[in-house]
Structure formats: structure tokens, C-alpha cells
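Report on the structure given below.
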Amino acid sequence: MVERFDVIVIGAGQAGPALAVRMAGEGRKVALIERERLGGTCVNSGCIPTKTLVSSARAAHIVRQAADFGVLTSLPTVDMKAVKARKDAVVQASRDSLARWVGETPGLELIAGEACFVAQKTVRVGPRELSAPLIVINTGGRPVVPDWPGLAGTRYLTNVSMMDINTVPDHLIVAGGSYIGLEFAQIFRRFGAKVTVIEYADRLIAREDEAVSKAVESALAAEGIDFCFGARDFTVEPVTAGVRLSLTSEGAPVVIEGSDLLLALGRLPNTNDLKLEAAEIAFDSRGFIIVDDLLQTNVDGIYALGDVNGRGAFTHTSYNDYEILAANLLDGARRRLSDRFTAYALYTDPPLARAGMSDAAALASGRRILKAHLPMSRVGRARERGETIGFMEVLVDADSEVILGATLFGIEADEVIHIFIQAMALKVPYSQLQWIVPVHPTVSELIPTLLSQLSPLERT
């Protein structure tokens, strides 16, 4: 017998539980289905645990730098078991909080199991079949595992299995020079591991402007991280010490041996087990569910939120998907995905924070662009903290004075970027930001100074 619900939510990542609770609060009968753990990637193997590890790694780094501040101490010893225990406790607290929130919501049933479609508005979970006029998919993503020769017979790590590490690797090879890979690279370098980053492109975080990539590379290289670019022709084999990775780098043969290999090569959507074909739901060649500007699939009443729709790869974009859908379905709003602009951060130390357009995108737009650049060494707060690596940059439309993009690499960049995010969302002319009297001494107080240095951005 098919059980009837008003709403079925498949997946309990960042969007799913919030939507399920909101719908139940509106009097709907809701089923929330999750095959693993509440919270999805962010809570279990992404944002929360990795940033907890970043904090431990920074503590070790600060102790090593203590003499620069007139504090004499011995070099730190990293107790990786204690580091993991702290990370696990933070993660468990988040899981428990989420479980209480979902479990105490009237009208919401949490169902443990793997869901798959058997018809357009019907899913199967174990022996149960559930049907609803509104179905929302929030199944998230998983790490890409390449088909390199020898990899299947070699032990390797992903961002998920990295959560179980309780010793510091002797030599961590990181395949992938983007966000996940670079954060883990710095974390474990600061814990004391030798680290080598292998990147397919000719530079790190290739989506960024070249100057940004080079600045991040320089900061990480200064901490002793090695890099190998233009990597191709991978072969992997187990050796006594751990793993041997053979490849070509810019055409030349390279062999690297390490104790551990971390794959940080991107993510794929968790759609392979949903049997989307049974519901005639359209998806692209990589498995991402195709949605319109209102997050609806090609099937009326079926929506896809978060990583699974390929329209944002971050916790905040997933949660914003929930906000958009809830506002449209319950509040009579007409919010759209296209109203959202790109904003994100790379949590190296110092962090890289981005909002809106890059230099390349701004020039390609055909607008007259103004740009300003200010090194972090000009920021008093950075000098006081002894953290002057990086810069602040902003892009402005010369005609409308609207801010088009900002790139901050340096101390507290992940917080300061929100000044630009808010100004961009509200379409505040940059000249109005120049009138603000900021608090001293802060990083943000240099924003009016930054904006005073705008000049035309020319093609190079």
C-alpha cells in the first residue's frame, strides 16, 4: 500500500531539514528520508569538521611563530588523536542539535533508508512506498574517484575518509589544487607532514584570476608545501612506504612516493541510486539534475536543491536554495536563482574570499571597469597581528558605480567580504561606502581607502 504525504524530502543536507521543518510547521504531513547521517557533507565531512581541523592547525602554527611576538615556548607536538576527538565532538554536537530539531517537529517523520523513484510522485524506501504531490531532492554529492591505472588496488583517501585519520601522515600527496585539496594540504603541513599537491592545470584554483592563484601558491609554498602542475598520465601502485604516483608534469616524467594519497578532484551528484528515469526527471551528462530558475525540474512538483542541481557547490548556496523555494511555495514570493551572485571562501590561512566577478569576467562583460588593489601590508590590523600576506581588490562599473566583484586574500577576508556582498546585493554605489566611518583598528576600515584608488582596468 502506498503511504500518502503532502511533502517528501529526499536527503537531509543543508536544505532538506530546513524545508521539511518549515513545511511541517505549515501543517503539511512531511517525510524526510536520509540514508546516512543528518547534516550531509557540511556537518559530517565538509565545513564543520574541516574548519575545526583548520583551527587546530592554526594553533600549532601560532605556537611555532610565538617567538616573533616575544613569547618563548617549545615547538608544538601534535596529538592527532586529540585533534580528531575535538573534531568529532564538534561534529556530534551539530548532529545532535539537528536530530533534536527534526525529531521534535510535529507532522515530520524522519525515515532512515535509501530512496528511489518508482513513478513520478512515488518513491520506495526499503519495503515502504511513499507518494506526495511535492517532492524535493537534496541528496548532495560525493568525491570524484578517477579511473587511474592501479588506483583500485591502492589505498587512497577522500574528504570523507580523511575524517577518520588519527595520525599525521609522513608524506601526504594531494591530488587536486583547489578548495578541498588546499585546505587539507595546509592543515596537515601545519600538523607536521610533508605535503605535495598535484594539479592538472598550470596553476592552483584555476577558476580564479592568475594573480590570485599565484598569491595563494606563494603563501602555501612559504610554509613548505610542494607543487606539481600540468599533471597527466597518472599511474598508482602500493609500495612499502605507502603509495607511488607516477605521472607526467608539463610533459616530463615524475615519480612521487608518499605515505598517503588524498583525492580532491571535485565532486559528483548523488543521483546514481535515485532511479530518476522512473520519474522521467531530466539530468545532464554528469548526473546533475536540471532545474529552472525556480529550482523545479522538468517534472511539475519535483524540485532539486543543493549540490545535486549543479547550481552552487556550497553550504550557503544549498541553504539559499531552501530559502528561495520556501519563499515561493509558502510566502507568495517570486525569488529566482538568477538573483544570486557568486560568493565563496577558501579557508586556507589566510583565507581567500570572493564575491561577484573576477577580472576576466568583468572585462568580458563589455562594461567600463574600474579596479582598486591594496596590499594587506597597508592594513594596521594585519601589521599588529603579524599577518600581512595578501591583498584586497574591488571591481566597479564605471558608469553605474555599482560594485561588480571583490577579491580579498588576507587576514579575516572571509568576514570582511560581507561588506561587499551586502553592497552588491543592495546595489549600493561604491561612493556611498566611502562615506562610512569604520571602527579602528580593523581590516574593514581600509575599504574606503581601497575605493579611493579606483582606476580603469585595462586588458593585458
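Just so you know, all these numbers are worked out from the coordinates, no wet-lab data involved. Everything numeric in this text was worked out from a predicted model, so none of it was measured. Don't worry about glycine lacking a Cβ; one is built from the backbone with ideal geometry, like all the others, and counts go over all protein chains shown.
All C-alpha pair distances within segment 83-226, sorted into 10 Å bins from zero, spread as 8, 26, 26, 22, 16, 3 percent across the bins.
Remark on segment 343-456: hydrodynamic radius 13.9 angstrom, per the Kirkwood mean of 1/r across alpha carbon pairs. Applying a 4.7 Å Cβ-Cβ cutoff to the chain leaves Cys116, Cys228 as cysteine residues with no disulfide-compatible partner. Once you reduce segment 2-48 and segment 144-188 to the center of their Cα atoms, the two points are 30 Å from each other. The phi torsions of segment 98-112, fed into the Karplus equation with coefficients 6.51, -1.76 and 1.60 and a -60° offset, translate into couplings of 5, 5, 5, 4, 5, x, 9, 8, x, x, 10, 10, 8, 10, 8 Hz, rounded to whole numbers, with Gly and Pro shown as x.
Shown here is the pair-distance distribution of the chain: with all Cα-Cα distances grouped in 10 Å bins from zero up to the longest one, the shares run 4, 18, 25, 26, 19, 7, 1, 0 percent.
Which of rounded, prolate, oblate describes segment 85-155, given a ≥ b ≥ c as roots of the alpha-carbon gyration tensor eigenvalues and a/c under 1.5 marking rounded, otherwise prolate only if a/b is larger than b/c? Here segment 85-155 falls in the oblate category.
Please state, to two decimals, what the Cα-based radius of gyration of segment 151-265 comes to when divided by 2.2 N^0.38 Å (N = residues). Mind showing how you got there, number by number?
On the way: Rg = 13.3 Å, N = 115, 2.2 N^0.38 = 13.4 Å.
Here the Cα radius of gyration is 1.00 times the empirical estimate.
Take each peptide in 125-131, 437-443, count the other Cβ atoms within 10 Å of every residue, and average; sorted highest first, the result is 125-131, 437-443. Would you mind getting me the FRET efficiency between Ala361 and Thr240? Use the beta-carbon distance for r and R0 = 51 Å, nearest 0.05. According to the calculation, E is roughly 0.60.
When the chain is described by a simple charge dipole with +1 on each Lys and Arg Cβ and -1 on each Asp and Glu Cβ, the residue from Thr407, Ala206, Ala361 located farthest towards its positive end is Thr407.
Other residues whose C-beta falls under 15 angstrom from the C-beta of Thr50 contribute a net charge of +3, scoring Lys and Arg +1 and Asp and Glu -1.
Segment 383-460: which chymotrypsin sites (Phe, Trp or Tyr not before Pro) are DSSP loop and have at most 16 other beta-carbon atoms within 10 angstrom? Before the final figure, lay out the partial values.
Numbers: sites: Phe391, Phe409, Phe420, Tyr430, Trp435; in loops: Trp435.
The qualifying sites are Trp435.
Given segment 147-208, report the % of alpha carbon pairs whose separation exceeds 14 Å.
Details: 1156 of 1891 pairs.
Counting pairs separated by more than 14 Å, the tail of P(r) holds 61 percent.
3J(HN,Hα) couplings calculated from phi for segment 23-38 with the Karplus curve 6.51 cos²θ - 1.76 cosθ + 1.60 (θ = phi - 60°) are, in sequence order, 5, 4, x, 8, x, 7, 8, 10, 10, 10, 10, 9, 8, 10, 10, 4 Hz; Gly and Pro show x. Helix content alone sets the calculated 222 nm mean residue ellipticity of the chain: runs of n ≥ 4 DSSP H residues at -39500 (n - 2.57) each, divided across all residues, give -8500 deg cm²/dmol.
Taking 24 Å as the straight-line reach from the Cα of Lys87, the lysines in range (excluding those fewer than 8 positions away in the same chain) are Lys51, Lys194. Seen from Asp6, the other residues with C-beta closer than 12 Å to its C-beta sum to a net charge of +1, counting Lys and Arg as +1 and Asp and Glu as -1. For Leu134, the residues whose modelled amide H falls within less than 5 Å of its own, excluding neighbours fewer than 5 places apart on the same chain, are Ile8. Peptide packing: for 78-86, 344-352, the average count of neighbouring Cβ atoms within 10 Å per residue gives the ranking 344-352, 78-86, highest mean first. Each Lys or Arg adds one and each Asp or Glu takes one away; over the other residues whose Cβ falls under 15 Å from the Cβ of Gly356, this sums to -1. Restricting the calculation to Cα atoms, segment 279-388 yields a radius of gyration followed by a Dmax of 19.0, 59 Å. Dipole size of the chain about its Cα centre, with +1 on Lys/Arg Cβ and -1 on Asp/Glu Cβ: approximately 560 debye, rounded to the nearest 20.
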